[in-house]
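Reading through the structure tokens given below for one structure.
The values are calculated or read from the model by the stated rules, or taken from the named source; none is laboratory data. As the structure is a computational prediction, the values presented were derived from the model and not from experiment. Using ideal geometry, Cβ is built from the backbone for each residue, glycine included, and neighbour counts are taken over all protein chains shown. To get the accessible areas, we keep the full protein, side chains included, count just its heavy atoms, and leave off ligands, DNA and RNA. Shrake-Rupley method; radii C 1.70, N 1.55, O 1.52, S 1.80 Å.
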Amino acid sequence: MPPAKTSYVCLPCRASYKQPHDPTRRRSCPRCAESMVHVGSAFAAPRRRDTAAWRTLTVLLNAGVGFHKSCCGGPGYRPRTVREVRERMTYAQRSGEPVARALVRHDLP
């Protein structure tokens, strides 16, 4: 059985590629040769021209938030706008909650 395909993204190119997952292998972008980030199999890439969505995605990935399937079939809540990211980052700073956990909160207290 071949390995399951998962998504990798190149943030500078705003490109996403489905490839077999191999944690021992570094993936390079076919467009710019930069290192790609493993994001998970439940990832749906935004359009290349949607700069706000890519900015949001960059914050999520840099915080260590991925898009891996859970027992319910999806990755759970992920902010989709810069405003939602900003609100959760402010909450994390004020409450002391880790940024990665605050970013995946559906509702803020």
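Taking the chain as the reference, fit the longest principal axis to its C-alpha atoms, fit the long axis of helix 51-62 to the helix C-alpha atoms, and give the angle between the two in degrees, 0 to 90, nearest 10.
Computed tilt is about 90 degrees.
Could you state how much accessible area Met89 has, in square angstrom rounded to the nearest 10, with a 1.4 Å probe and all protein chains kept in place?
The accessible area of Met89 comes to roughly 80 Å².
Take the Cα gyration tensor of the stretch 1-90, multiply each eigenvalue by 5, square-root it, and list the three semi-axes largest first, rounded to whole angstrom. Walk me through the numbers before you get to the answer.
On the way: eigenvalues 98, 60, 23 Å².
Calculated on Cα positions only, the semi-axes equal 22, 17, 11 Å.
Out of the total accessible area of the chain (probe 1.4 Å, heavy atoms of protein only), what percent is carbon and sulfur? Write down the numbers at each step before the final one.
On the way: 3610 of 7110 Å².
Carbon plus sulfur share of accessible area: 51 percent.
What ranking of Glu97, Glu87 comes out by heavy-atom accessible area, probe 1.4 Å, highest first?
Working: Glu97 25, Glu87 70 Å².
Descending accessible area places them as Glu87, Glu97.
Let me check I've understood the local charge: for Arg31, count other residues with C-beta under 14 angstrom from its C-beta, Lys and Arg +1, Asp and Glu -1. What total comes out?
Values: positive: Arg14, Arg27, Arg48; negative: Glu34.
Within the 14 Å Cβ shell, the charges total +2.
Using only Cα atoms, tell me the angle between helix 82-95 and the longest principal axis of the chain; keep it within 0 to 90° and round to the nearest 10.
With rounding to tens, the tilt is 60 degrees.
Once you put a point 7 Å from the Cα of Ala33 and another 7 Å from the Cα of Arg86, both along the Cβ direction, what distance in nm separates them?
Spacing of the two 7 Å Cα→Cβ label points: 3.9 nm.
Per-residue ellipticity at 222 nm for the chain, helices alone: DSSP H runs ≥ 4 residues times -39500 (n - 2.57), over residue total, nearest 500 deg cm²/dmol?
Details: 3 runs with 31 residues, N = 109.
The helix contribution divided over the chain gives -8500 deg cm²/dmol.
So what is the accessible area of the stretch 1-107 per residue, in Å², with the probe set to 1.4 Å?
65
Could you pull out every residue, at least 5 positions away or on a different chain, whose amide H is within less than 5 Å of the one on Thr6? Hs are placed 1.01 Å off N in the peptide plane, and Pro or chain starts have none.
Gln19, His21
Once you have the Cα-Cα distance between Val104 and Thr51, take 0.36 nm times their residue separation minus that, and quote the gain in nm to one decimal. Present the calculation step by step, with values, prior to reporting the outcome.
On the way: separation 53, 0.36 × 53 = 19.08 nm, distance 2.06 nm.
Going from the current span to full extension adds 17.0 nm.
In a shell of Cβ-Cβ distance under 14 Å around Leu103, excluding Leu103 itself, what net charge do Lys and Arg (+1) and Asp and Glu (-1) give?
Details: positive: Arg55, Arg78, Arg80, Arg83, Arg86, Arg88, Arg101, Arg105; negative: Glu84, Glu87, Glu97, Asp107.
Combined, the nearby Lys, Arg, Asp and Glu give +4.
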